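These notes concern the structure reproduced below.
Taken together, the values in this text are just the output of simple stated rules run on the coordinates, not laboratory data. Keep in mind it's a predicted model, so treat the numbers as computed, not measured. Neighbour counts run over all protein chains shown; Cβ positions are idealised from the backbone, glycine included.
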Amino acid sequence: MTAARDALSHDALSHDTLPRELADADLDGRLAAAICAVRGAGAALAAVRGRTGKGQEIGDQLKTAIDRAAEGWVLGYLEGALPDDAFLAEERYDAASFAGGGWTPHDAYWTIDALDGTRSYIDGFDGFCVQVAFVRDGAPVIAAIDEPALGLTWAAIAGKGAHLRSASGWARVPARALAAWPAEPRFIDSTPPRGPVGHVLARRDGRFVECGSIGVKAVRVAKDDADVFAKDLR
């Protein structure tokens, strides 16, 4: 590790101690740095919420200056802490694509969405987050998600489980094992499911839980606040 990366990783560990199980498995301080990055951006998003413009509709996406600012923070921290790593970030990628550039695949890289659930953020709902993952050989091996509205931070390393940080500290998220469908399964998505997923919801007498961010939808299922997140992407 370079001196700069070592210093930032040490700072991440000393100021936001990881659960022992994850600290022992951390890859060159990457998870510790990721947690500092997402929590720092999350705090900034909370501080300026309600003081920004409405953004611009581009296709089916809402783009705002806050998306770019949050990505600037996350990328700046991680690139400073881990200068030898590769990064695939949404806003940077979109700008490069518009300019005729693209993305060169790497065996290992970070994927970053520094404000997932922009509409929820702008409209005053809780369903937004800052999320990053480190991918190696096509599979995510590290992930960190911060939910500023609820004061929650999620962290995971492949093979070591997921942990949730709340006001009471870190706790492991128990794996859910369902032998059968719940009586009224809770389907989570941005809008009520249609097509095949909607048919399953109706057939199972399911209930709809609204949430904007894909990352938050996933952790809601992990936390047992919802049962099903599925999309028909055809």
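Observations
- Highest-first arrangement of 23-29, 112-118, 75-81, 190-196, where packing means the average Cβ count within 10 Å: 112-118, 75-81, 23-29, 190-196
- Spherically averaged projected area of the chain from its Cα convex hull (nm²): 14.2
- Here the label points at Val173 and Ser190, each 7 Å from Cα along the C-beta direction, are separated by 2.1 nm in the simple model.
- If you run the Gaussian network model on the chain, springs between alpha carbon atoms under 10 Å, then out of Ala47, Ala167, Ala180 the most flexible one is Ala180.
- Debye log10 I(q)/I(0) at q = 0.23 Å⁻¹ for the stretch 132-212, Cα point scatterers: -1.05
- Compared with the rule-of-thumb size 2.2 N^0.38 Å for a compact globular protein, the stretch 140-183 has a Cα radius of gyration ratio of 1.38.
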